[in-house]
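In what follows, a single structure is set out as structure tokens and then discussed.
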Amino acid sequence: HEQAAEEVPALIAEISRHDRAYYVQDQPLISDAGYDALRQRLEALEARFPDLIRPDSPTQRVGAPPSEKFAKVRHRVPMLSLSNAFADAEIHEFVDRIRRFLGLEPDAEVAFAAEPKLDGLSMSLVYDGGELAFAATRGDGAEGEDVTANIRTIPGIPKKVEAKSFPDRFEVRGEVFMSHADFEALNARHAERGGKTFANPRNAAAGSVRQLDPKVTAARPLQFYAWGWGDVSELPADSHFAVMQAIADWGFPISPELRFCRKAEELLAFYRDIETRRATLGYDIDGMVYKVDSLALQERLGFVSRAPRWAIAHKFPAEKATTI
Ligand SMILES: Cc1c[n+]2nc(N)[nH]c2nc1OC(C)C
């Protein structure tokens, strides 16, 4: 215990240092796998010795502290993170826990919506009367940064919804990302001008979104895929998959790999399918996301502390560094 009592504060200090470098300077000091390992070590020690948990521990908050460069936006519905699974067994546990929680038979089938988890930055887009009112980063989950002027420059994001019917007020959530091809071309342009090159597409996307000058963002090749919603005045269906089709009808790009899976076995088959095609997708992903499709069941399942009980991210083993 006394060895842990020394290691925990050191881990908290080191992880906080990496958080600042990553979220404030957009320039991480450590690889994602290295960062994950620090987090997992801290979580393991805190689980073993709960008395060592400190309120300032990174495990006690979600996401990054919003920077002071941008105005703050309070999310009407918190933007929470996903719990992670690494082994197939954890996915079977995830589904079993859902069935138990819902009082379903052990062999009852639960349908899911599944798609690759893009390695970009989460974005909340709020529309009033079909017009983009504001766009905000996730921030710490409760409050994000107002990056509306920058997000308006992304071609894939509707400034004004042209569909025949849509809710008066709705919030679309998704991932802003940069494709491999656009990332290589951007780095080549910056390198030949002696400018700043980026370590990977996610840093390039984050750095491009958090520019104070929207003209700089406008010159960066950013894309957006919607993966969900937040505060919506009315929902067109009781199925995640069906609502995503409606969001696509409103003019938002969604993942071409979004699939409806009738049962858990299909999730694992899909995971392996995407894992074999991962290098050909043209953008970075770090796993798959599975969501219970029925919104009524999602409502009953709710959230566990910070992450939904009804969704999980199934991560791939850390990939070799993106070639520069
Ligand atoms: C944080 C998050 C991130 N992602 N990424 C995808 N593709 N879906 C998705 N869903 C999320 O959260 C919902 C389960 C609420």
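The values are calculated or read from the model by the stated rules, or taken from the named source; none is laboratory data. Quantities reported herein were computed from a predicted structural model and do not represent experimental measurements. Don't worry about glycine lacking a Cβ; one is built from the backbone with ideal geometry, like all the others, and counts go over all protein chains shown. Calculation scope for accessible area: heavy atoms of the full protein, side chains included, ligands and nucleic acids excluded. Shrake-Rupley method; radii C 1.70, N 1.55, O 1.52, S 1.80 Å.
On the given criteria, is Phe303 touching a strand residue (DSSP E or B) at 6+ places or on another chain (Cβ under 9 Å) and touching a residue at least 12 places away in the same chain (Cβ under 8 Å)? Quick ask: steps written out before the conclusion?
Details: touching a strand residue (DSSP E or B) at 6+ places or on another chain (Cβ under 9 Å): no; touching a residue at least 12 places away in the same chain (Cβ under 8 Å): yes.
So Phe303 fails the test.
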Conditions first: (1) buried (at least 21 other Cβ atoms within 10 Å of the Cβ); (2) farther than 23 Å from Trp250 by Cα; (3) within 16 Å of the ligand (Cβ to nearest atom). Gly141 passes all but one, so which condition is the exception?
(1)
What is the residue count in the stretch 77-135 for residues that are within 11 Å of the ligand (Cβ to nearest atom) and of a type in the set (Asp, Glu)?
2
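Condition test on Pro221, is it open to solvent by 30 Å² or more (accessible area, probe 1.4 Å), closer than 23 Å to Tyr290 by Cα and of a type outside the set (D, E, K, R)? Give the derivation first.
Details: open to solvent by 30 Å² or more (accessible area, probe 1.4 Å): yes; closer than 23 Å to Tyr290 by Cα: no; of a type outside the set (D, E, K, R): yes.
It is false that Pro221 is open to solvent by 30 Å² or more (accessible area, probe 1.4 Å), closer than 23 Å to Tyr290 by Cα and of a type outside the set (D, E, K, R).
Determine whether the stretch 259-275 contains at least one residue that is part of a loop (DSSP other than H, G, I, E, B), in contact (Cβ under 8 Å) with a residue 40 or more places away in the chain and not β-branched (Val, Ile, Thr).
Just the residues of the stretch 259-275 that are part of a loop (DSSP other than H, G, I, E, B), to begin with: 262-263.
From the residues that got through so far, the ones that are in contact (Cβ under 8 Å) with a residue 40 or more places away in the chain too are 262-263.
With the extra rule that they be not β-branched (Val, Ile, Thr), the set shrinks to 262-263.
So far as the stretch 259-275 goes, yes, one or more of its residues are part of a loop (DSSP other than H, G, I, E, B), in contact (Cβ under 8 Å) with a residue 40 or more places away in the chain and not β-branched (Val, Ile, Thr).
Only one of Glu299, Glu275, Glu265 is within 14 Å of the ligand (Cβ to nearest atom) and open to solvent by 30 Å² or more (accessible area, probe 1.4 Å); which?
Values: Glu275 fails: within 14 Å of the ligand (Cβ to nearest atom); Glu265 fails: within 14 Å of the ligand (Cβ to nearest atom).
Exactly one of Glu299, Glu275, Glu265 is within 14 Å of the ligand (Cβ to nearest atom) and open to solvent by 30 Å² or more (accessible area, probe 1.4 Å), namely Glu299.
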Restricted to the stretch 144-172, and to residues that are surrounded by 20 or more Cβ atoms within 10 Å (Cβ to Cβ) and within 16 Å of the ligand (Cβ to nearest atom), which residue is nearest to Pro221 (Cα to Cα)?
Val172
Checklist (1) free of Cβ contacts under 8 Å to residues at least 12 places away in the same chain; (2) closer than 27 Å to Tyr271 by Cα applied to Ala219, failing item:
(2)
In the stretch 109-136, residues that are open to solvent by less than 10 Å² (accessible area, probe 1.4 Å) and either closer than 13 Å to Val172 by Cβ or hydroxyl-bearing (Ser, Thr, Tyr) (or both) total 8
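Which members of the stretch 302-313 meet the condition of being touching a helix residue (DSSP H, G or I) at 6+ places or on another chain (Cβ under 6 Å) and surrounded by 21 or more Cβ atoms within 10 Å (Cβ to Cβ)?
Those that are touching a helix residue (DSSP H, G or I) at 6+ places or on another chain (Cβ under 6 Å) and surrounded by 21 or more Cβ atoms within 10 Å (Cβ to Cβ): Trp310, Ile312.
Scan the stretch 90-117 residue by residue and report those that are of a type in the set (Phe, Trp, Tyr) and within 23 Å of the chain's Cα centre (by Cα). Steps first, please.
Initially, the stretch 90-117 is screened for residues of a type in the set (Phe, Trp, Tyr), giving 94, 101, 112.
If the condition is that a residue be of a type in the set (Phe, Trp, Tyr) and within 23 Å of the chain's Cα centre (by Cα), then Phe94, Phe112 are the ones that fit.
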The stretch 212-256 - residue that is in contact with a helix residue (DSSP H, G or I) (Cβ under 8 Å, 6 or more places away or on another chain), within 13 Å of the ligand (Cβ to nearest atom) and assigned to a helix (DSSP H, G or I) and, of those, farthest from Arg152 (Cα to Cα)
His240
Those residues of the stretch 68-89 which are of a type outside the set (Ser, Thr, Tyr), within 13 Å of the chain's Cα centre (by Cα) and at pLDDT below 90, in sequence order:
Leu80
